[in-house]
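A short worksheet on the structure shown next.
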Amino acid sequence: MSAGSGAAGAGRRLVRVASPLVALGVWQLLTSYDVELWLRFQQFPTVVEVASALGDRIGTEAYWQDLGHSLRRIAVGFLLAAVLGVAAGTAVARSRWAADVLGPLVEVVRPIPAIALVPVAILLLPTNEQGIVFITCAAALFPVLVSTRHAVRALDPVWEEAVLTLGGSRARVLFSVVLPGALPGIFGGLSVGIGVSWICVISAEMISGEYGVGYRTWQDYAVVDYPGVFVGMATIGALGRLTSTAVEALGRRATAWLPQPAAGARTPGAAGAADPAGTPSPATAPSPSVVRRPEKEPVP
C-alpha cells in the first residue's frame, strides 16, 4: 500500500469520527442557547442531559430487559423472514407454477406497510409477543424475497446446464450453482430487511408492546421525559447499526470466494485483458457465479 493511499484512508477515518462529533457539538450549542430560527430548540434536551439520562438508564435492570425483548423479537422475526424469503424467492424464480401461485399474492401484499398489519396480528395471534414477531417478519420478508427472486433469475443459465449435462441433479444445481451465485443479491435484501425490521418492531412495541425499547420510548414521551425519549432513539440507532454491520459482515464472509477488484491501474493480465486474438484470458475471465444476464423466465 502506498503512502498516498494510507494517508487517504486515515483521512477518511478521521472524517467519519469527526462527523458525529461535530453534529453533537452543534446540537449542544443550539439547545444550550435555546436557539429559535423557525426550528425551535427550547424544549430539546441538551447532549449533556441525554448523556446523563443514558448513564442512569444503563445502570437499571429495566433498560437491559427492554434491550433483550427487542433483540429477541428482531432475531426471531428476521430469521423467519430470511428463511421464508429465500425459499419463496427461489421458488418463484425457478418454478412457473410457484410464480403463478405466489407472484400475484406477493405483489398485492408487498405494498402494504408492515405496521398496518397490527390489526391483523391482534386478530390472528393469541399474544402481543407473537404479533410483534409477526410484524417484524412481515417487514423483512418482502425485501429478502424480491432480492432473491431477481438474483436467481439473473444467473447465467450456462452453468446450470453444464451441471445437468455432467449428470448433476436438480438439488445439486440448486445448492452448488443457484444459491451460491445468488448470495450477493440475497445479502443485499437481508441488509435492507434488517433495517426495515427495526423500524417496524419499534413501531409495533409502541402500539401494542409491553416491554422493549419502543415501548419504553413511548412511555417516556407520555410522561414528558424528553431526555429519556432521546435515550431510546440513541439506543435504537445503535442497535440498528450493530445488527446491520453484523449482516454485512456475514455477507462478506459468505461471499469471500468472489473475485476482488485489484487495486491500482489496470495492467496486462488484469481483469478484462485480452490476448492478441482478442479473447479474454481464461485466468482473468469473470467468475461464473457473478456473471449477470437478463432475467429468464422460471421453468415449469
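The values are calculated or read from the model by the stated rules, or taken from the named source; none is laboratory data. Since the structure is predicted, the reported quantities are computational estimates derived from the model, not experimental observations. Note that each Cβ is placed from the backbone with ideal geometry, even for glycine, and that neighbours are counted across all protein chains shown. Heads up: the accessible areas ignore ligands, DNA and RNA and are worked out on the full protein's heavy atoms, side chains in. Shrake-Rupley method; radii C 1.70, N 1.55, O 1.52, S 1.80 Å.
Please list, ordered by first then second residue, the pairs with beta carbon atoms under 8 Å, 6 or more apart or interchain, first in segment 133-149 and among the aromatic types (Phe, Trp, Tyr), second assigned to a helix (DSSP H, G or I).
So the pair list comes out as Phe134/Gly77; Phe134/Leu117; Phe134/Ala121; Phe134/Leu124; Phe142/Gly85; Phe142/Val106; Phe142/Val109.
Going by the structure shown, is Ala116 modelled with pLDDT of 85 or more and either part of a helix (DSSP H, G or I) or of a type outside the set (D, E, K, R) (or both)?
Details: modelled with pLDDT of 85 or more: yes; either part of a helix (DSSP H, G or I) or of a type outside the set (D, E, K, R) (or both): yes.
Considered against the rule, which asks whether it is modelled with pLDDT of 85 or more and either part of a helix (DSSP H, G or I) or of a type outside the set (D, E, K, R) (or both), Ala116 comes out as yes.
Sort through Asp100, Asp34 and tell me the only one that's of a type in the set (Asp, Glu) and under 28 Å from Leu183 (Cβ atoms).
Asp100
Every residue in segment 165-177 that is in a helix (DSSP H, G or I) and either out of contact with any helix residue (DSSP H, G or I) (no Cβ under 9 Å at 6 or more places or on another chain) or more than 17 Å from Ser95 (Cα to Cα) (or both), please. Talk me through it step by step, then tell me what you get.
Here is the first cut: in segment 165-177, the ones in a helix (DSSP H, G or I) are 165, 170-177.
Hits for segment 165-177 are Thr165, Ala171, Phe175, Ser176.
On the given criteria, is Tyr215 open to solvent by 40 Å² or more (accessible area, probe 1.4 Å), in a loop (DSSP other than H, G, I, E, B), out of contact with any Pro (no Cβ under 6 Å at 6 or more places or on another chain) and farther than 25 Å from Ala91 by Cα?
no
Could you please tell me which pairs satisfy a Cβ distance under 7 Å, a separation of 6+ or placement on different chains, a first residue in segment 203-231 that is among the aromatic types (Phe, Trp, Tyr), and a second residue that is open to solvent by 60 Å² or more (accessible area, probe 1.4 Å)?
Tyr211/Gln65; Tyr215/Met206; Trp218/Met206; Tyr226/Gln43
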